[in-house]
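Peer 1: Structure incoming, see below.
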Amino acid sequence: MCVTRESQYLLTGSEDTSVIVWDLHTLAVKTKILEHIAPVLCVAAIVNRSLVISGGEDSAVIVTSIVDGALVTKLDHHRGPVTSVKVIQDGDILVTGSQDGTVCTWSVDNFVLLSTISAGVPIHIMAVTEDNVFLITLQGENELHLRTFITGTYLHPLKRHKAKVKCFCVAHDSSRAAVACTDQRIYIYSLHSGQLLRTLSAAHDIAALAVADQDHFLLAAGGNRVTIYSFDTEDHLTNFRPTKQLKRRQTKSTTNISMLQHIQLRYLIQAEQSELIPISCLEVSRDGQLAASGCARGLVRVWQLSTHRLQATLNGHIGHITCVTFSPNNLLVLSGSEDRTVVVWQLADNSSSLTYKGHTAALQTLLMMSDGRRAMSGDRSRNVHVWLVDSGIVLHSASCPSSSIDVTLNMKYAVLSEGDNSVRIWALTEGDSGDEKRSVSHAERITCFALTADSQHVVTGSMDMSLKVWKLDGGKLSQVLVGHSDIVTCVAVSITNKTQVVSGSWDCNLIVWDINTGTDLHLLSGHLGKVTCVKVTGDGSIAVSGAEDKTLIIWETKRGLALTSLALHVPLLGFRITSDCARIVVHLLDRGCLPIICLHNTPATYVKIPTYAAPTKDVDELRPLAPKRPMRRLLKKEVSLDTYTWQKKYAHLTSAAMMAQVDERLKRRFSVSASMEEISKIQEAKNKDLGSQVSLGPEQAALAQSQHFDQLEALWNKISPPRRRSNKSLSKQSSLIERVDSSDEDHTPVEEQEHMVE
């Protein structure tokens, strides 16, 4: 089988002795050639001459027309099955190899034999480099030999592999060869030295190899999979540290194509040409159009997921970027760094609008709340701040776990984890006892948690092999999910399907749960290593999982079936998906580029993540928390703001002449159903019954007079309860309240008790 260089025709040869030319534009049969009398083993095409060349077990090389299949010529020179035909030098030279141990070159102009190279043993596969310098032949089952193409001089073997060779191909740079063997390995050799450069492992048998243009990718096909490897010359290093001498590289990745889904893998263009800096963090916007990544150099890059192009490079930090996040409206990007700052970036003009400097340690986590006005950030000193994005004013701050933070969509609760056996639930609103924190715990360390879209529950996974569902309001346990046989490492929930939870574990499996009943709906088995991360689409129909076997698997949660898998061949730290899983952005270990996986014909539907529209009251309350003013003393009924209060406290400093004025004012103020005169008469009658009074000095008389007023007040309150005054009258006396309270700092315990009672 072969495809013409212009991708216009596909040529196939079969054991039924026929050669068929397929039109790739119409997918119809263009020509069927029936000139062979034995199975066809190899085909080639010369499009500019409209010729098809084929070789078969009948030892013949047949040249026919690609237009109508008419016979042009038949070459009967070989004495054994023709196993390989190649066209070189822009279609001027034809090279044929046979099991008779010879390689022949022919002129395409008149099909005259030009030269013959004798190998001495049967030739099964043959290849010629693009510069026409080297001839590579497979002799026997695993013997590869290198010769000069012009003279046929033997150079050296390629013999580091032990298994049987299935196929091989040559790079466009004419210096490397890729050899696929039955041990599911691909061996990369240097043609100049014959040394083995590196070995690639495949997860399936390999039937064919091909090299993409410019040698960026190596394609391996076998079964129903096509695996794509990076074929750059220095990409055999799996883990590395950036140095000044490193050239630009791209990560090696793999794409598997199943019959159910078609997946396309793209690579983002490296922004750094001279040095490759590993990516430290990434995030995808809510609308699935943008991705943001940070690196150790302090740069934040924003990428377009639809065109896989770099949209902006944001430079404002002097330290390692540790976290990035998007605003709900996708107009802002926030980045946190080891320089202890958070920078707010405007994507409209790629400028910074604010630098928040409230932290005293390197940033660890960062997110924006659903209203788009508040951000929550945590540092390595266990300090968590809630602050306004437009002004940087701190609304809340606390010392609590900060390694992992999430906030509910209604912004009432924040869940914080430090990697111990408990997570902290922080009530953010005053209506729910603002700043209240409660903890929920497992028997062993908690490894993951997820908040449900209805802001009602948090699901936690633990090393005790269980998951627990907790109510955020009160922190009560509502469900326990038991089914894994090893540590639970990841958990994910959807937006619309509120009862579905998907979890992954070190037992290499995933489980789809119903949190209402606690039953496991499906057991998803397919990974060969520990599952480390999982994401679910907005509608809950698709789940994507990553594992230590360096693969991604896409699952249909309704039936519990694997749709397709992708072998990355590089350890992955995590990934992000869009709401409909049309794009998957992968974070690879020690890699400076982001693979963007495009899932075509995804069965998931796009679900918009809910945004929070804050009421006017909530918006007005976005202000810094000032220290509470000291509580003013409660107003004493009708008498706390007049001269009576002054006389009661300082009667010993006033003259006796003032008392008459006080009595007159009391009469005016207490003009209700029971007057002060009547009350005084009642009290005087009681005093007469007590007997004669002892004569007192001036100070004692003043004290007795003050006590007399207290008794009058208590008696008046008992007989005639005061009328409740309106707020308007209270506001008129507010200035006097301040003067009275500010002038008197000393209150006796008896007076304080009176205020509390009143």
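Peer 1: Show me 514-524, 438-448 ranked by packing, highest mean number of other Cβ atoms within 10 Å first.
Peer 2: Per-residue mean Cβ counts within 10 Å order the peptides as 438-448, 514-524.
Peer 1: D16: net charge of surrounding residues, Cβ under 14 Å, Lys/Arg +1, Asp/Glu -1, itself excluded?
Peer 2: Working: positive: K32; negative: E15, E35, E57, D58.
Cβ neighbours under 14 Å give a net charge of -3.
Peer 1: Follow-up question, since we're still on this one. Please give, to one decimal in nm, the separation of the simple spin-label points placed at A28 and T148, each 7 Å out from Cα toward the Cβ.
Peer 2: About 5.2 nm, to one decimal.
Peer 1: Something else now. Calculate, in nm to one decimal, what S381 and D420 gain on full extension: separation in residues at 0.36 nm each, minus their alpha carbon distance.
Peer 2: Result: 12.5 nm gained on full extension.
Peer 1: While we're looking at this one, here's another question. How high is the FRET efficiency from E141 to E444, r the C-beta distance, R0 60 Å, rounded to 0.05?
Peer 2: With R0 = 60 Å, the Cβ-Cβ based efficiency is 0.65.
Peer 1: Additional query: Sorting check: for 207-219, 488-500, which peptide has the highest mean count of neighbouring beta carbons within 10 Å, and how do the rest follow?
Peer 2: Working: 207-219: 15.5, 488-500: 20.7.
For the peptides 207-219, 488-500, the packing ranking is 488-500, 207-219.
Peer 1: So, one more: Loop-only trypsin sites (Lys or Arg not before Pro) in the stretch 544-574, please: DSSP not H, G, I, E or B, and at most 15 other Cβ atoms within 10 Å.
Peer 2: Qualifying residues, ordered by number: K558, R559.
Peer 1: Another question, then. Let me know the Rg and Dmax you get for the stretch 2-219 when you use only its Cα atoms, in Å.
Peer 2: Just the Cα atoms of the stretch 2-219 yield Rg and Dmax of 17.0, 47 Å.
Peer 1: To continue, here is another question. With labels modelled as points extended 7 Å from the Cα through the Cβ direction, what inter-label distance (nm, one decimal) is found for R79 paired with S525?
Peer 2: So the two model labels end up 5.8 nm from each other.
Peer 1: Please report the relative contact order for the stretch 2-219, taking Cα pairs under 8 Å with a sequence separation of at least 6, and give it as a percent rounded to a whole number.
Peer 2: Once divided by the residue count of the stretch 2-219, the mean separation gives 9 percent.
Peer 1: Taking the alpha-carbon centroid of each part, what is the distance from the stretch 116-163 to the stretch 59-77 in angstrom?
Peer 2: Centre-to-centre (Cα) distance: 26 Å.
Peer 1: Okay, moving on. List every residue whose amide H lies under 5 Å from the amide H of R340, counting only residues 5 or more places away in sequence or on a different chain, with H placed 1.01 Å from N in the peptide plane.
Peer 2: Result for R340 returns L363.
Peer 1: Figure the gain on full extension for D473 and D92 (residue separation times 0.36 nm, minus the Cα-Cα span) and round it to one decimal in nm.
Peer 2: Working: separation 381, 0.36 × 381 = 137.16 nm, distance 7.96 nm.
129.2 nm is the gain from fully extending D473 to D92.
Peer 1: With θ set to phi - 60°, apply the Karplus curve 6.51 cos²θ - 1.76 cosθ + 1.60 along the stretch 601-606 and write out the HN-Hα couplings as whole Hz, x wherever there is a Gly or Pro.
Peer 2: So the Karplus estimates, Gly and Pro as x, are 6, 5, x, 7, 9, 6 Hz.
Each value in this text was obtained by applying a stated rule to the coordinates, not by laboratory testing. Please read all numbers here as calculations on a predicted model, not as lab measurements. Counting neighbours? That spans all protein chains shown, and the Cβs are built from the backbone with ideal geometry, glycine included.
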